[in-house]
Amino acid sequence: MLGNGARAMFVCAAALVIILCLKQVQAVAIPILMAGFLAIISYSVTGLLRRYLHFPHWLAVTFTVAFDFVVLYAVASLIQFLAMDMKATLQGEFSQRFTELYNDTMDWLGNIGLEESARAIVASPQDVVNVEKVLSITQAVTGQIVLLLSTCTLVLIVMTFFLGEAPLFLRNLRAMPAGAKWKGDFLRALQGIQKYLFIKTLSSVATGLLVWGMCAGLGVPFAFLWGVLAFVLNYIPTIGSIVAAVPGIAMALTMNGWGCALLIAAGYLFINCAIGNGIEPLFLGKQFGIATSVVILSVIFWGWMWGPCGMFLAVPISVLVKLALENSEDLSWVARIISDAPDKPQENPPIP
């Protein structure tokens, strides 16, 4: 038998090997996980088509996959088109306006005796915003979107199989011994992930629409792009909302001035606080039992591991990891450390 110290070293070594393996299988793991979580979200649509429109299962799955394909392709195509359109603006009017803003700011600092110190820190407009670097980032994002479109077909094919075999999976789950503790835990986690992704999708749509309306109402260029960006990045807890606000505020500051930028910043703050700290917790509560700091760390970790897709999937993956830790005799203490106890105990839900 291994002692406590040797066991801890063995667990750490095993965790390191698993992390290295996950890093290497990124190209295969991401499409499978994306397909799995899309299937979890979409299964409710398949169920509604079967229950209320009396579609056969194969036809309901076909309609669901076709709908997902149209939505994914439309969002990716819009982002790509708007990013290419913004490239011309960055090279022309944006660069000129930003230079004017820089000079006006330096003149104002000169009136209060701070221009020399400011120029020592920021000698030129390019030290603040380098248009060439912004363009390279835009091109990189566009390339990632093209890559997404190329892998979208694989994701949807795998998702089709997941949706098609969902009734078989549930039937096999029913056949397992009723006393197995992990059975209820797994089903509760699965239903929790489905609810989380569904509520997150609705809140992301609301966030995107509000940001779009706010930017359009205040005359900020590319308002629709900032709305789409807010919709997509809202899936990333905390960090995504901050990142989504930066380009919109920067565009408002450069093209519309300080007053508009402050209004846009206040609007982003109000929208994110109202939805992220008000509406989402109202519907989601603390059903996952994971501390907020752990969620943020998981976003950073999975972002390092698998890039933007890892950040999108950070919360669902963390839920499954916590479930695995809870059902391990040696590692259950880790689950207790990272947990944030729910408001009240929940009973194991019945298997549908």
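The values are calculated or read from the model by the stated rules, or taken from the named source; none is laboratory data. It should be emphasised that the depicted structure is a prediction, and the values quoted were computed from it without experimental measurement. No Cβ is skipped: glycine too gets one built from the backbone with ideal geometry, and neighbour counts run over all protein chains shown. The area values use the complete protein model at the heavy-atom level, side chains included, leaving out ligands, DNA and RNA. Shrake-Rupley method; radii C 1.70, N 1.55, O 1.52, S 1.80 Å.
S150: modelled with pLDDT under 75 and in a helix (DSSP H, G or I), yes or no?
Here the answer is yes, as S150 does meet what is asked.
List the helices (runs of 4 or more DSSP H) that sit entirely inside region 53-139 and contain at least 1 residues that are among the β-branched types (V, I, T) and modelled with pLDDT under 70.
57-89
Checking G184 against (1) surrounded by 14 or more Cβ atoms within 10 Å (Cβ to Cβ); (2) modelled with pLDDT of 70 or more: exactly one of these is not met. Which one?
Only one criterion in (1) surrounded by 14 or more Cβ atoms within 10 Å (Cβ to Cβ); (2) modelled with pLDDT of 70 or more is unmet by G184, namely (2).
What number of residues within region 233-270 satisfy the criterion of being within 17 Å of the chain's Cα centre (by Cα), assigned to a helix (DSSP H, G or I) and hydrophobic (A, V, I, L, M, F, W, C)?
7
Give the number of residues within region 250-280 that are modelled with pLDDT under 80 and open to solvent by 60 Å² or more (accessible area, probe 1.4 Å). Steps first, answer last, please.
Going through region 250-280, the residues modelled with pLDDT under 80 turn out to be 276-280.
Subsequent filtering for residues that are open to solvent by 60 Å² or more (accessible area, probe 1.4 Å) retains 277, 279.
The total comes to 2.
May I ask you to list the residues in region 92-120 that are open to solvent by less than 30 Å² (accessible area, probe 1.4 Å) and among the small types (G, A, S)?
Within region 92-120, A118 is the sole residue that qualifies.
Among the residues of region 34-51, which ones are more than 17 Å from F63 (Cα to Cα) and open to solvent by 50 Å² or more (accessible area, probe 1.4 Å)?
M34
When you check G227 against the structure, is it open to solvent by less than 10 Å² (accessible area, probe 1.4 Å) and over 28 Å from S339 (Cα atoms), yes or no?
yes
Which of the residues belonging to region 211-232 are part of a helix (DSSP H, G or I) and more than 14 Å from I79 (Cα to Cα)?
Within region 211-232, V211, G213, M214, C215, A216, G217 qualify.
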